[in-house]
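Read the structure below first, then the notes.
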Ligand SMILES: Nc1nc2c(ncn2[C@@H]2O[C@H](COP(=O)(O)OP(=O)(O)OP(=O)(O)O)[C@@H](O)[C@H]2O)c(=O)[nH]1
Ligand SMILES: [Mg+2]
């Protein structure tokens, strides 16, 4: 990678610049401890310190500090490294920056500490990506899932399948060595092993939609006829009077958006203008925007006022499916505290925003419509990286063609090329095979100090 030299000493502020109790600097690289000891009030103590221990002292003319010592092979990067905690004032931060530069440390690039951890074999590429996913996570659930990947659950799953496929590959290679260029019957071809790996990888690839929704947050749009109770429901989700509620139809014109957590899932929630034949220009523009939002949503919550004989709910699901195809939808039969003007059609969720009756069922409906687990019922392994997803899909595609070529008793040479491709794709996921471009893209999206 062009900007990451791996044999020098680097440093970065690992905490934010601002008013805070403490600031933490990270330094890493061969010679870090000796270099830092030259400005430290107790150099011998520092030079003799065992790994994973703390040394208290003063950086002359800068600040009192506590230094965490990591010897080579330990700590985050796997290199000789220190974490220096000083006071969190802007003056301390600036003086410490100057001091470390004078001592010969280079300001680290974004993600460079994690890159070094990857280089030294402390973590693989899935774990490096998990570090960034944790740093970016905005909900408890996304944090928990990323932690699972950081712990190596994804790597272990990929390696298990890779081992299975490597064994299958060696069976194929033996047959190739014996110059049997065609499979004689299906007895010796490892169909079962390849099918098992293929199915497991496909299952993992299928978790991407849910994983990325959890990681990036789900876009949920509240829509429906004017006065159906969209703004009231929006406020109920946010637990605040964010959107104006009134009995006058057409209250919300421009859409309103806000972040919230629903069952541990990070959600970008939109309240929109009621859908009706618009009377004037501004409302018509609001409705146009509502429709665009509906099309781009991960989940559409369509509200009907069950007490209003005018609210055209009839065959709404078919109509919406035609108008907004391919978007997950939930239909909400609101205002159940009032006498119903019609019998509730099948598939609607009953709700009274006023009394909050039915709200829990609505939340469960949202969780399952997004294909998610709620934070209370444990976590399966999910992926959220588009890069990992692409490789999984490619690997499954190659394995599908291996299986169909083998069924057609095609030449083993061709089959082994596809097998190799499937194995390579798994190698890309964990970073055993990779290019500088890919590494650059992954690590440059980290923040400095990570
Ligand atoms: N009884 C009852 N009234 C409700 C309920 N939900 C909303 N309302 C009332 O219905 C009226 C319209 O509510 P809003 O939340 O403003 O409806 P809206 O869909 O945002 O309306 P527009 O922005 O005009 O499209 C208000 O008077 C609410 O108090 C409910 O569950 N029960
Ligand atoms: Mg409204």
Any pair with Cβ under 6 angstrom, 6 or more apart, that starts in region 436-450 at a residue that is free of Cβ contacts under 8 Å to residues at least 60 places away in the same chain and ends at one that is surrounded by 20 or more Cβ atoms within 10 Å (Cβ to Cβ): none
Tell me which residues, restricted to region 346-361, are away from ligand 2 (no atom under 16 Å from the Cβ) and surrounded by 15 or more Cβ atoms within 10 Å (Cβ to Cβ). 348, 349, 350, 352, 358, 359
Within region 366-404, can you find the residues that are more than 22 Å from the chain's Cα centre (by Cα) and at pLDDT below 95? none
What single numbered condition from (1) modelled with pLDDT of 95 or more; (2) exposed (fewer than 15 other Cβ atoms within 10 Å of the Cβ) fails to hold for residue 42? (2)
Scanning region 233-266 residue by residue, those near ligand 1 (Cβ under 6 Å from one of its atoms) and either under 16 Å from residue 360 (Cα atoms) or surrounded by 21 or more Cβ atoms within 10 Å (Cβ to Cβ) (or both) turn out to be 252
What is the one condition in (1) surrounded by 15 or more Cβ atoms within 10 Å (Cβ to Cβ); (2) modelled with pLDDT under 95; (3) under 22 Å from residue 213 (Cβ atoms) that residue 270 does not satisfy? (2)
Output for region 334-360, where each listed residue is in a strand (DSSP E or B) and at pLDDT 95 or above: 334, 349, 350, 352, 357
Counting only residues that are closer than 22 Å to residue 444 by Cβ and free of Cβ contacts under 8 Å to residues at least 60 places away in the same chain, give me the strands (runs of 3 or more DSSP E) lying completely in region 41-156 with at least 1 of them. 81-87
Among residues of region 226-241, those that are more than 11 Å from ligand 2 (Cβ to nearest atom) and on the phi < 0 side of the Ramachandran plot, counted: 5
Selected residue (only one of 109, 98 is under 34 Å from the mean Cα position of the chain (by Cα) and closer than 23 Å to residue 8 by Cα): 109
Yes or no: residue 5 surrounded by 19 or more Cβ atoms within 10 Å (Cβ to Cβ) and either on the phi < 0 side of the Ramachandran plot or not in a loop (DSSP other than H, G, I, E, B) (or both)? no
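The values are calculated or read from the model by the stated rules, or taken from the named source; none is laboratory data. Computed from a prediction, not measured in an experiment: that's the story for all the values here. As a convention, Cβ positions derive from the backbone with ideal geometry for all residues, glycine included, and neighbour counts pool all protein chains shown.
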